[in-house]
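Reading through the structure tokens given below for one structure.
The values are calculated or read from the model by the stated rules, or taken from the named source; none is laboratory data. Every value quoted in this text rests on a predicted model; they were computed, and no experiment measured them. Every residue, glycine as well, gets a Cβ built from its backbone with ideal geometry; the counts of neighbours run over all protein chains shown.
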Amino acid sequence: MSRTLKAVRGTRDLLPPETALWNRIEATARSVFARYNFGEIRTPIFEDTGLFARSVGEETDIVSKEMYTWEDRARAQSEKTQSLTLRPENTAGVVRAYIEHQLGETGQLQKLYYIGPQFRRERPQKGRYRQFSQIGAEVIGPPSAGSESPLRDAEVLEMLATLLDELGITGWTLELNSVGSAADRARYNETLRAALVPVVGQMCVDCQRRAITNPLRVLDCKVPADQPIIDKLPVIADSLDQASVAHFAAVTAALEAAGIPYTRNNRLVRGLDYYTRTTFEFTHGGLGAQNALLGGGRYDGLSEAIGGPRAPGIGFAMGEDRLVLTLQAQESAAPQVVVDAFIAPLGEEMNAAALALARELRRQGLRIELGDGSFRLKKSFEAADKTARRIVILGEDELQSGILTVKTFATGMQSKVSRAELAAYLSTTASE
Ligand code: HAM
């Protein structure tokens with residue numbers, strides 16, 4: 001017997017009615033992005049592996065162990081064998097596209113958003129999948145367009161607070177930090193390297209490696225036994241230069257003026273190497289271990305790191321799967337989708353007329369479920385009661401007279417309605 005095939009570990013099928021919630025989240029995000037003048041960008045789902053190695057960073061968990069990478073063999077002499085990777089995140093692709101299409105030449109800030117799947121070979125658990133969806137946005141441009149301004153950071157954070165509010169997500173926390181300029185980070189890395197020498201022997205093997213290659217990544221460690229050691233390490237705030245301190249102070253002042261609450265988290269360095277200055281996460285207690293609803297920050301050197309012009313930027317990505325989990329937990333009983341009417345043809349010879357009636361009503365914007373004339377009336381009623389607010393019965397008499405029988409389930413009321421008035425009647429709520 002052949003083996004039954006299932007969705008691959010860490011991937012999922014999304015089914016109705018849950019997909020309605022996904023669509024609602026995406027529609028809300030698009031409407032908020034439009035109000036802040038963001039336009040949509042769609043980049044390819046796979047890219048040259050080198051793009052992620054040079055942006056996200058070789059030493060990060062993402063690049064060192066979580067990417068889906070393969071050798072794409074040349075199929076013609078004009079092609080070359082290339083290492084390709086399913087995108088683990090979208091910022092690198094957006095910045096690559098910014099460079100490739102010379103978007104900086106416009107002299108304007110580019111405000112771009114994306115919605116789509118990302119891939120990481122992580123250990124699957126609640127809120128963590130190998131294929132997951134991100135809703136993200138990036139603000140990037142030449143410094144002359146104001147791309148370095150702390151106002152941009154504050155505006156992005158204020159937009160996120162608005163978006164979460166409009167989605168109906170309550171009880172989030174904004175955690176904020178500054179990882180400083182590239183020079184600040186280099187200095188902090190040296191401070192950390194020195195501070196790790198006497199303690200690293202008691203830490204996990206990953207930390208022992210990171211302490212040499214990229215000490216900042218030690219702060220990402222999740223091993224419980226290492227946490228008390230990490231808590232005693234020097235904090236990055238003490239390595240920031242004056243310009244970075246002033247930038248961060250301007251971000252927090254603008255947030256306070258806008259009434260956006262935040263807490264400072266000294267350990268928030270984020271698991272990707274491209275960050276400079278502001279880093280942030282919005283967390284939610286209802287999510288358990290994977291509590292980050294979204295993460296982001298500034299990446300002033302990313303464009304240059306992948307061969308582009310100077311183009312500071314800031315952005316974020318929200319885990320759409322985690323937004324869905326949070327909303328499902330909040331809206332304890334998900335409302336069942338109910339259609340306006342179920343059309344029950346009496347006998348198979350009425351099926352064609354029922355299709356014509358359904359077409360007429362749907363074209364007027366009503367949500368209609370179409371039964372089948374082979375059903376006995378009792379079965380039609382049972383099916384209609386589960387999915388629709390009303391049932392419309394269509395037999396030979398109704399077709400001839402143009403007067404239909406409509407039953408409203410909520411009130412039990414049965415009415416005769418003319419075909420001309422049917423759409424208006426079905427649009428009223430049951431209590432009207
Ligand atoms: P990230 O923190 O790696 O940042 O991911 C952002 C969000 O994606 C996380 O906070 C989480 O909600 C969601 N996420 C990440 N991995 C998974 C997973 N395996 N399953 C489900 N959800 C997940 C970035 O990706 C950056 N590109 C964000 C950014 C944009 N920074 C600047 N611009």
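If you check ALA97, ALA76, which single one turns out to be modelled with pLDDT of 95 or more and of a type in the set (A, V, I, L, M)?
After applying the criteria, what remains is ALA97.
Yes or no: GLU331 at pLDDT below 95, among the charged types (D, E, K, R) and within 30 Å of ARG130 (Cβ to Cβ)?
Yes, satisfied.
Restricting attention to segment 314-330, does a residue exist that is of a type outside the set (Lys, Arg) and loosely packed, with under 13 Cβ neighbours inside 10 Å? Break it down into steps so the answer makes sense when it comes.
Start the filter on segment 314-330 by keeping residues that are of a type outside the set (Lys, Arg), which leaves 314-321, 323-330.
This time we only want the ones that are loosely packed, with under 13 Cβ neighbours inside 10 Å, so: 329.
The answer is yes, given that some residue of segment 314-330 is of a type outside the set (Lys, Arg) and loosely packed, with under 13 Cβ neighbours inside 10 Å.
Could you please tell me which pairs satisfy a Cβ distance under 8 Å, a separation of 6+ or placement on different chains, a first residue in segment 307-321 that is under 29 Å from GLU105 (Cα atoms), and a second residue that is near the ligand (Cβ under 8 Å from one of its atoms) and in a loop (DSSP other than H, G, I, E, B)?
PRO312/TYR299; GLY313/TYR299; ILE314/TYR299; GLY315/TYR299; ALA317/GLU89; ALA317/ASN90
What do you reckon, is GLU66 out of contact with any strand residue (DSSP E or B) (no Cβ under 7 Å at 6 or more places or on another chain) and within 11 Å of the ligand (Cβ to nearest atom)?
Spelling it out, GLU66 is indeed out of contact with any strand residue (DSSP E or B) (no Cβ under 7 Å at 6 or more places or on another chain) and within 11 Å of the ligand (Cβ to nearest atom).
Can you name every residue in segment 90-103 that is within 15 Å of the ligand (Cβ to nearest atom) and either surrounded by fewer than 20 Cβ atoms within 10 Å (Cβ to Cβ) or farther than 19 Å from TYR274 by Cβ (or both)?
ALA97
Would you please list the contacts, defined by Cβ atoms under 7 Å and residues six or more apart or on different chains, that run from a residue in segment 362-375 that is more than 17 Å from ARG419 (Cα to Cα) to a residue that is assigned to a loop (DSSP other than H, G, I, E, B)?
The qualifying pairs are GLY373/LEU346; GLY373/GLY347.
Going residue by residue through segment 175-185, is there one that turns out to be of a type in the set (Gly, Ala, Ser) and at positive phi?
Yes: segment 175-185 contains one or more residues that are of a type in the set (Gly, Ala, Ser) and at positive phi.
A quick yes/no check of all residues on (1) aliphatic (A, V, I, L, M); (2) within 27 Å of LEU157 (Cα to Cα):
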residue	(1), (2)
ARG30	no, yes
ALA34	yes, yes
GLU47	no, no
ARG73	no, no
ILE99	yes, yes
LEU112	yes, yes
PRO117	no, yes
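What pairs come up if the first residue lies in segment 51-62 and is within 13 Å of the ligand (Cβ to nearest atom) and among the charged types (D, E, K, R), the second is assigned to a loop (DSSP other than H, G, I, E, B) and modelled with pLDDT under 95, and their beta carbons are under 7 Å apart, counting only those six or more places apart or on different chains?
Here the result reads ASP61/GLY271, each pair linking segment 51-62 to a residue that is assigned to a loop (DSSP other than H, G, I, E, B) and modelled with pLDDT under 95.
For segment 198-232, which residues satisfy the criterion of being assigned to a loop (DSSP other than H, G, I, E, B), at pLDDT 90 or above and either in the same structural domain as ALA292 (by TED's automatic domain parsing) or out of contact with any helix residue (DSSP H, G or I) (no Cβ under 8 Å at 6 or more places or on another chain) (or both)?
Matches in segment 198-232: PRO198, LYS232.
Name, by its number, the condition in (1) modelled with pLDDT of 95 or more; (2) more than 9 Å from the ligand (Cβ to nearest atom); (3) among the basic types (Lys, Arg); (4) over 23 Å from ILE25 (Cα atoms) that does not hold for ARG298.
(2)
For segment 393-418, name all the residues that are within 23 Å of PRO17 (Cβ to Cβ) and touching a helix residue (DSSP H, G or I) at 6+ places or on another chain (Cβ under 8 Å).
The answer is PHE409, and nothing else.
Name the residue, out of ARG217, ARG209, that is surrounded by 12 or more Cβ atoms within 10 Å (Cβ to Cβ) and without any contact (Cβ under 8 Å) to a residue 12 or more places away in the chain.
ARG209
Conditions (1) under 25 Å from GLY168 (Cβ atoms); (2) among the hydroxyl-bearing types (Ser, Thr, Tyr); (3) not in a helix (DSSP H, G or I), marked per residue:
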position: THR4; (1), (2), (3): no, yes, yes
position: THR11; (1), (2), (3): no, yes, yes
position: LEU15; (1), (2), (3): yes, no, yes
position: ALA27; (1), (2), (3): yes, no, no
position: LEU51; (1), (2), (3): no, no, no
position: ARG54; (1), (2), (3): no, no, no
position: VAL63; (1), (2), (3): no, no, no
position: ALA76; (1), (2), (3): no, no, yes
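Test VAL406 against the criterion of being in contact with an Asp or Glu (Cβ under 9 Å, 6 or more places away or on another chain), surrounded by 12 or more Cβ atoms within 10 Å (Cβ to Cβ) and in contact (Cβ under 8 Å) with a residue 40 or more places away in the chain, and give yes or no.
So VAL406 does not fit the description; no.
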